[in-house]
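The values are calculated or read from the model by the stated rules, or taken from the named source; none is laboratory data. The model shown is predicted, which means the values in this text are computed figures rather than measured ones. No Cβ is skipped: glycine too gets one built from the backbone with ideal geometry, and neighbour counts run over all protein chains shown. The protein model used for the area step is the full one, side chains on, heavy atoms only, and it has no ligands, DNA or RNA in it. Shrake-Rupley method; radii C 1.70, N 1.55, O 1.52, S 1.80 Å.
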Amino acid sequence: MENAYGKLAAWVYHLDKPIGHSFGDLEYYRERLAGCTGAILEPATGNGRILIPLLESGLDIEGFDASEEMLHYCRQECLQRNLNPRLTRQKFQDFTGPRRYEAIIMPAGSFQLITDTASALALLQRCYDNLLPGGRLILDTDNSKEIIQSKGALRSWKVSDNERLTLSSSDPDINYVQQTTLTYLRYEHWQDGLLTHSELDLFCLRWWGIHELTFALRAAGFTDVIVSGGYQHGRAPGNDDAIISFEARRP
Ligand SMILES: C[S@@+](CC[C@H](N)C(=O)[O-])C[C@H]1O[C@@H](n2cnc3c(N)ncnc32)[C@H](O)[C@@H]1O
């Protein structure tokens with residue numbers, strides 16, 4: 001399965017990136033969305049890492065995700081906080097919003113999970129169509145260097161005294177023509193030294209040139225495209241910025 005975020009992957013994500021865990025992105029999105037009074041959509045909302053703190057800041061935000069396992073964590077965490085956002089199981093490829101949004105956000109490089117260029121362009125168009133006039137699309141991408149030069153690793157999380165989760169990742173297979181990487185992610189659940197469950201995820205990413213994505217946003221009809229580095233809005237990205245953010249407006 002590609003980018004499936006199944007049972008073990010979702011468990012690891014939730015342990016490693018719990019609600020409110022920030023790479024600098026939570027503060028950035030909170031600041032960029034300050035003053036929004038209308039509805040906000042987060043496609044690929046995952047476990048609610050960003051959505052829940054933004055809800056708690058008073059924003060009217062809803063989300064969808066393709067993975068039932070990720071949505072399960074999001075629903076559970078919302079319930080514990082007496083929050084009741086609209087959460088649906090949908091895919092980037094065919095989502096429909098029940099309303100038009102003042103902002104659509106895609107933190108954590110989620111946009112790069114769509115490796116097929118035509119589908120990515122169609123998503124930009126769908127975002128445009130689902131925004132109110134004046135509404136903004138804000139998304140992050142990882143610097144291409146970070147994606148291409150990533151290395152395989154083994155990571156581990158202690159769940160309890162006799163329980164552990166591990167994640168082994170391969171070096172990425174790189175396709176320079178398609179601008180994609182394929183990494184084999186093997187998740188394992190160990191109990192009392194025995195392997196109880198394992199899961200393989202074929203993790204695929206597409207990298208985008210800064211100008212390429214700017215042109216794509218303009219081609220979808222967006223204007224006022226602002227590209228920023230390191231979560232400093234309006235600062236042009238430099239070669240060493242790990243994260244590059246794009247903000248664009250529907251006129
Ligand atoms: C990197 S996580 C980001 C989660 C959350 N937005 C955050 O910032 O922590 C990527 C999410 O994209 C979801 N996803 C992957 N492919 C998808 C697709 N085709 N349509 C919708 N969601 C998808 C995964 O299930 C996962 O929850």
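Tabulated results
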quantity	calculated
Mean-position separation - Cα centroids, region 103-136 and region 60-74, in angstrom	17 Å
For region 146-205, accessible area per residue (1.4 Å probe, heavy atoms of protein chains only), Å²	62 Å²
Sequence-separation-based contact order of region 97-214, relative, with Cα cut under 8 Å and 6+ spacing, percent	23 percent
Extension gain (nm, one decimal) between ASP129 and ASP192, 0.36 nm per residue minus Cα-Cα	17.5 nm
Globularity index of the chain, i.e. its alpha-carbon radius of gyration over 2.2 N^0.38 Å	1.01
Most positive-pole-ward Cα, THR180, LEU131, VAL227, against dipole of the chain from beta carbon charges	LEU131
Region 1-129: radius of gyration over Cα atoms, expressed as a fraction of 2.2 N^0.38 Å	1.00
The chain: relative contact order as a whole-number percent, Cα under 8 Å and 6+ apart	18 percent
Rounded percent of accessible protein surface that carbon and sulfur make up, the chain, 1.4 Å probe	50 percent
Two-site label geometry, LEU202 and ARG86: point separation in nm, points 7 Å out along Cα→Cβ	3.4 nm
Label zone at TRP157 (point 7 Å along Cα-to-Cβ), backbone N below 12 Å, region 57-83	70, 73
Max mean-square fluctuation residue, GNM over the chain, Cα-Cα springs under 10 Å, options PRO98, PRO237, PRO107	PRO98
Region 146-205: radius of gyration over Cα atoms, expressed as a fraction of 2.2 N^0.38 Å	1.35
Inter-site label distance for ILE210 and LEU182 at 7 Å from Cα along Cβ, in nm	3.1 nm
Out-of-range pairs (alpha-carbon distance over 27 Å; input LYS7/LYS158; LYS7/LYS145; LYS91/LYS151)	LYS7/LYS145; LYS91/LYS151
In degrees, nearest ten, helix 117-129 long axis to first principal axis of the chain (Cα)	50 degrees
Per-pair calculated FRET efficiency, R0 = 25 Å: GLN149 and GLU2 via Cβ, rounded to 0.05	0.70
